[in-house]
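S.K.: Starting off with a structure, shown below.
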Amino acid sequence: MSNIRFNRRRLLSNSLSLIRQTIEKYQLLNEHSRFIIGLSGGLDSMVLALLIKEYNLHFNQNWDIRLLHIDHGFSQSDINGLKNFAVEIGFPLKTIKTNIARSVARAKDKCWRCSWKRRKLLLENAEKYNIFNIALGHHQNDVVEALLLKMFFNSDISTLVPKQSVIHGRFYFIRPLYSFTRERIEKIGQAYNITAIIKQCPYRQDSKRTMVRDLLEQLGQYNPQVVSSIFKSLGNIKTSYLP
């Protein structure tokens with residue numbers, strides 16, 4: 001039991017150090033910052049909320065933090081589970097009920113429409129609170145998947161960034177878990193008994209993102225570090241070998 005506690009403390013310490021590096025490198029937050037965490041109910045956003053709580057306490061940041069959940073309207077949503085989680089970590093939670101699930105049901109670009117509607121609601125509610133930073137749970141794998149999606153289907157090279165300016169710098173989407181691997185997030189979830197509360201999107205299997213994720217898993221059989229390798233390449237661009 002003592003070894004388990006030690007490993008959990010070490011995992012937490014290393015994870016907080018990673019977050020600190022990202023926050024300081026990209027100037028995501030300051031002491032006394034006010035921000036919203038977009039809580040989807042998936043593992044990534046729940047681990048983000050937990051780590052933000054621990055970071056705030058460990059480094060005495062005195063942050064003002066709120067959780068915001070967009071209920072898409074899928075039948076498997078467990079709002080009570082989210083409320084219990086929010087109580088456990090001590091952050092106020094606001095839930096917004098929508099009919100996004102119904103509105104995108106017949107759309108060809110379901111993922112894009114759903115994402116756009118969700119971001120719009122996050123921004124509208126942030127403005128109501130006079131808050132201008134919204135923290136999201138994206139990590140290395142999301143960055144790499146977004147990069148490949150853009151290359152494969154949009155013919156451009158772009159991806160998620162640690163601090164994304166929105167509406168001419170009025171708001172910012174920030175990603176404190178930017179340098180985390182999915183494996184690290186899963187380990188934290190296991191160590192703290194966190195499991196996803198909101199189930200996966202029912203349209204997931206038909207999405208382009210799932211196709212890219214499956215491709216990366218196949219490539220991982222030849223190079224287990226393929227995601228980290230692609231992620232690191234974003235900081236190692238040799239412009240002299242590009243047109």
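Throughout, read-outs are computed from the coordinates displayed, never taken from laboratory work. What you see is a predicted model; the values in this text were computed from it and never measured. Cβ coordinates were reconstructed from backbone atoms using ideal geometry, including for glycine residues, and neighbour counts include every protein chain displayed.
S.K.: Fewest to most neighbouring Cβ within 10 Å: what's the order for Val104, Val226?
M.R.: Val226, Val104
S.K.: Another question, then. At a 10 angstrom cut-off on C-beta neighbours, averaged per residue, how do the peptides 33-43, 61-71, 211-221 rank from highest to lowest?
M.R.: Descending mean neighbour count gives 33-43, 61-71, 211-221.
S.K.: Taking 8 Å as the Cα distance limit and 6 or more residues as the minimum spacing, I'd like the relative contact order of segment 99-243 as a percentage. The partial results should precede the final answer.
M.R.: Numbers: 115 pairs, mean separation 30.8, N = 145.
Reported relative contact order: 21 percent.
S.K.: From the square roots a ≥ b ≥ c of the eigenvalues of the alpha-carbon gyration tensor of segment 113-164, which class results: rounded (a/c under 1.5), prolate (a/b over b/c), or oblate?
M.R.: Prolate, because a/c is 1.5 or more and a/b exceeds b/c.
S.K.: Here's something else I'd like to know. Among Phe171, Phe59, rank each residue by its count of other Cβ atoms within 10 Å, from fewest to most, as a rough exposure measure.
M.R.: Phe59, Phe171
S.K.: Let me have the 222 nm mean residue ellipticity of the chain computed from DSSP H runs of 4+ only, each contributing -39500 (n - 2.57), with the sum over all residues rounded to the nearest 500.
M.R.: That comes out to -15500 deg cm²/dmol.
S.K.: Give the shape of the chain as rounded, prolate or oblate, defined through the alpha-carbon gyration tensor: a ≥ b ≥ c are the square roots of its eigenvalues, a/c under 1.5 means rounded, and otherwise the shape is prolate if a/b is larger than b/c and oblate if not.
M.R.: In terms of gyration-tensor shape, rounded.
S.K.: Assuming R0 = 22 Å, can you tell me the calculated FRET efficiency for the pair Leu242 and Val161, based on Cβ-Cβ distance, to the nearest 0.05? If you can, show how the numbers build up before the last one.
M.R.: Numbers: r = 19 Å, r/R0 = 0.88.
My answer for the efficiency is 0.70.
S.K.: Right, here's the next one. Give the calculated FRET efficiency between Arg9 and Asp78 to the nearest 0.05, with a Förster radius of 25 Å applied to their Cβ-Cβ distance.
M.R.: 0.25
S.K.: Tell me, what is the percent relative contact order of the chain, built from C-alpha pairs under 8 Å that lie six or more residues apart?
M.R.: Taking the mean separation of contacting Cα pairs over the length of the chain, I get 24 percent.
S.K.: Order these by the 10 Å Cβ neighbour count, fewest first: Ser240, Ser228, Ser17.
M.R.: Details: Ser240 5, Ser228 16, Ser17 11.
The most exposed by this proxy come first: Ser240, Ser17, Ser228.
S.K.: Further question on the same structure: Using Cα pairs under 8 angstrom and six or more residues apart, how large is the relative contact order of segment 1-127, in percent?
M.R.: Worked out over segment 1-127, it gives 21 percent.
S.K.: Then there's this: Can you give me the long-range amide H partners of Lys94? Hydrogens built in the peptide plane at 1.01 Å from N, cutoff under 5 Å, separation of 5 or more residues or another chain.
M.R.: Result for Lys94 returns Leu67, Leu68, His69.
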